[in-house]
1. Just name one of B:Q42, B:M27, B:F161: the one whose Cα is farthest towards the positive end of the charge dipole of chain B (beta-carbon charges, Lys/Arg +1, Asp/Glu -1).
2. How large is the charge dipole for region D:1-117, taken about the Cα centre, if only the Cβ atoms of Lys, Arg (+1) and Asp, Glu (-1) carry charge, to the nearest 20 debye?
3. At 7 angstrom along the Cα-to-beta-carbon line, where would the label on C:R119 sit relative to the other copies? Give the distances in nm, shortest first.
4. Can you give the accessible area of C:W17 in Å² (nearest 10), computed on protein heavy atoms with a 1.4 Å probe?
5. Helix A:228-245 versus the longest principal axis of chain A: what is the Cα-based angle in degrees, 0 to 90, to the nearest 10?
6. Over the alpha-carbon set of region C:104-260, work out the extent along each principal axis and list the three values in angstrom, largest first.
7. Considering only protein heavy atoms, what per residue accessible area in square angstrom results for the protein assembly as shown with a 1.4 angstrom probe?
8. How tilted is helix A:200-214 with respect to the longest principal axis of chain A? Cα atoms for both, answer in degrees (0 to 90, nearest 10).
Protein chains: 4
Amino acid sequence: MTNTQLSLIQIDNYGPWTVTPEPRREMDLQTLQSRLFADLAQFVGSRDGYVFFTRFDNMVAVTNGLDGDDHELMQESIGNRYPVSISVGVGVDSTPIDALETATAGLQRAGSAQDGDRREVFAGTTLTERDRTPTDVQIAHFDVNDATSKYTDRLNEFDSFIEIEQGYASLMRHLREERGALSFFVGGDNIISVCPDMDESAYRSAIDHVEREVGVELKVGVGVADNVQEAGIAAKHALEECRHRGTVVEMDVPRPDVGLAED
Amino acid sequence: MTNTQLSLIQIDNYGPWTVTPEPRREMDLQTLQSRLFADLAQFVGSRDGYVFFTRFDNMVAVTNGLDGDDHELMQESIGNRYPVSISVGVGVDSTPIDALETATAGLQRAGSAQDGDRREVFAGTTLTERDRTPTDVQIAHFDVNDATSKYTDRLNEFDSFIEIEQGYASLMRHLREERGALSFFVGGDNIISVCPDMDESAYRSAIDHVEREVGVELKVGVGVADNVQEAGIAAKHALEECRHRGTVVEMDVPRPDVGLAED
Amino acid sequence: MTNTQLSLIQIDNYGPWTVTPEPRREMDLQTLQSRLFADLAQFVGSRDGYVFFTRFDNMVAVTNGLDGDDHELMQESIGNRYPVSISVGVGVDSTPIDALETATAGLQRAGSAQDGDRREVFAGTTLTERDRTPTDVQIAHFDVNDATSKYTDRLNEFDSFIEIEQGYASLMRHLREERGALSFFVGGDNIISVCPDMDESAYRSAIDHVEREVGVELKVGVGVADNVQEAGIAAKHALEECRHRGTVVEMDVPRPDVGLAED
Amino acid sequence: MTNTQLSLIQIDNYGPWTVTPEPRREMDLQTLQSRLFADLAQFVGSRDGYVFFTRFDNMVAVTNGLDGDDHELMQESIGNRYPVSISVGVGVDSTPIDALETATAGLQRAGSAQDGDRREVFAGTTLTERDRTPTDVQIAHFDVNDATSKYTDRLNEFDSFIEIEQGYASLMRHLREERGALSFFVGGDNIISVCPDMDESAYRSAIDHVEREVGVELKVGVGVADNVQEAGIAAKHALEECRHRGTVVEMDVPRPDVGLAED
């Protein structure tokens, strides 16, 4: 059974900072946001976690394997190198949306995102090592069928972008409402979803829904492990299987009689 | 009248590179994408342009003020410092979507995004200095009313994110279909649109549409200049005016009898 | 007794790469070198190690606490995000220069720095957890007395720089020849030395030597721990003690009867 | 005749900032310093200038071609993205050390490097376009003969480093004292010097001096242009000529009867 640890990372007092004493150059804000995200991606990624850029002032991370000290070191390092600081809330649950609910609530109790006094809060409790299991994290890596030939090489970039966005918005709503799963666009035509236990029919169902609702065709690879890096790499390999075999869903997950498939 | 110069920046052969010889660590891809975007934001931004991350392997930039040599220097510098290279297409038109159409078509003619041989192409013609005018670029900076109190401090982060995404998707489609304008989410609850000549009623109309379609309330500041940096800063200041005056649309644009408003 | 783990990090085939097919823009090389170093500083630093930029194509790191898997992950991440790759040699010894000798020899045996075929080598054996002790790493943090009032605010920057360089060159040679210690300029007027067991008189001796040889006055704080991050922070605090008390040497090291001083 | 524009870039109040409220993690300081330098290298480099890291809290740049607005934009962008700010002094003179003297003095008059109140000063006057000539900047690019086979592949890295440092220290003092030239180690076995008008015998003289004083053998390529990027690339190509022809000095500089050599 899945047991996802999610961390919500929020820049302290960012809205006011961006316009005080007056509005700052947009390209400097874009640069700061992207590089702060990249630093978090490297820190968390080197401990086998994932960070998704989400809204940039609020970022969602899958952090099975990182403890309180890891989170606090991450906050200290950002505080030393950026003109802003970050607060963090953590939650753990078999359903990703509920883990994020806990993480967000912990932060909200500590103070508003625009509270001039709230700085570098850390709220919540991380998974202990002994409570971790090989099925804690389930990752689904989706991409759009033939995106390059259907969109990138044919339409102007914005119309390609609108198509991909439509597919993303549809999948994101469906998986959150039906499964409590969280989906993130990660560039190109790729979407990564953090899922609870879901079987092949649940994925087929999501893919059918998106095709019916917006006409975008997806395929998916799924992986499971005690950490998101390993589950994610298994999902990527499974997606390559879809490409080679012409299939729509490939699952690299444990079968009761075999044990956890290796990536 | 607007005369927007848009540049499409595309990473060469990126899809294949990300899985050759086998899939790469996702956090390394996220880091590379974000830092490449940040570098382009700095380069273009320091010449008074804007870059939007869009799909990360394909990025849209407003480049009034940058010429062919500037674009080629940008390509050379990326080629020296990253394991990938970029191709660029440029187009100029009073309607942004048409400028992007030209930019995209120029690139597509040179070869597919996944063409193993296509590297560091530059296609298209930039605006000459003498053809530039003070009304070439119109920028609208939208944000969501009371995002922090309505969403960030109340819902879990993913449900806040879904609300913002809904508002973005609705605005993006409406403005593209009605006006040929291009809209980009830039973090937090902010959307920047690159527009043709539009008056206050056109903006009210877009805001009403989004509220009716998805229930998200926006406000907007608009600026005009011969370059996007100046138009964008004027738009930000106009948005601050909305905040102080409680209004929905503020336009810092030239009136026939007054000349171009200063930012 | 000290037991220093040193890692030599070398960019593969860098010399030839910088001039193939022809010489690259110097500022792009400077940017690549500095950012690659910064990434290594973050990776190693987040595991309580230190990296010194040294010659940029060859960098020396103190890596007590990092194992083979950590080094290989570091190499994989660099290989995914840069147009160059890195090879690593590791050595462990109570005398730092001997640890570095082992690290360098391991790499040299695998192939020349400019061997077109040598890529991403990892040579050597890291310390096992059970062999680590609280006195493994001794760090000395030197700075120049009154550098700001004597140099920075009075001489032109290059003449200030020459003075600091003289002090560094003198200290570096003395400590290497007398003690097998390795000294690195880290910016401003600061030098960090990785030392074997040395007592207060050994440090006074080094400081006197530098003053006699080149007329530059230093002071120093010294710390000891099982990892360089902790030893280094103790050394920084000890240096602050020098500042407050007007002393020349402050040692935050274990006394036989007391146990290891806490930082 | 040379006419070098030098800018001194100094981080405001850095010393105190690094220890307030208490000493910061060394690897975070190294990361901040290196990335700030890299950003300046990109900004200045994209305008055909050079920045040298020097002491990191004080950096020397050759900025022929950059005006006051360029410098102020550079300061604004750093101020928006880092927890520190920078002050700048500019000077112009046919002798580099005198240009730097002017630059430094302008900054010093505005306030101490550790003055809690001095922030983002800009002192001095940049070259006007009409006063620029094709011989304004003379660049010499030195490297150590056979560094890889003599040092990198034979000695341990620190002893290689000591040899290179010796060569650098000797050259740096000689050229400053004899010629008012400024020399900077730029990684590997490379040194770049910013020179006044110097002929071949002056370079041979410097190379002989270093060989006699410390036993390190150098070769050099020299270039001249109205900006350092062009002079520097010409110097790099000239150095490649030394490599191919087995010579010690190659000068790509204008001859009275021929006009400026093309790079």
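1. So the residue we want is B:M27.
2. 320 debye
3. 1.4, 4.7, 4.9
4. Here the accessible area works out near 40 Å².
5. 30 degrees
6. Its Cα atoms span 51, 48, 24 Å along the three principal axes.
7. Accessible area per residue, the protein assembly as shown: 34 Å².
8. Long axis of A:200-214 versus the principal axis of chain A: about 80 degrees.
The values are calculated or read from the model by the stated rules, or taken from the named source; none is laboratory data. A quick note: this is a predicted structure, and the numbers were derived from the prediction, not measured. Glycine also receives a Cβ, built like all others from the backbone with ideal geometry; neighbour counts cover every protein chain displayed. When the accessible area is computed, the model is the full protein with side chains, heavy atoms only, and any ligands, DNA or RNA have been set aside. Shrake-Rupley method; radii C 1.70, N 1.55, O 1.52, S 1.80 Å.
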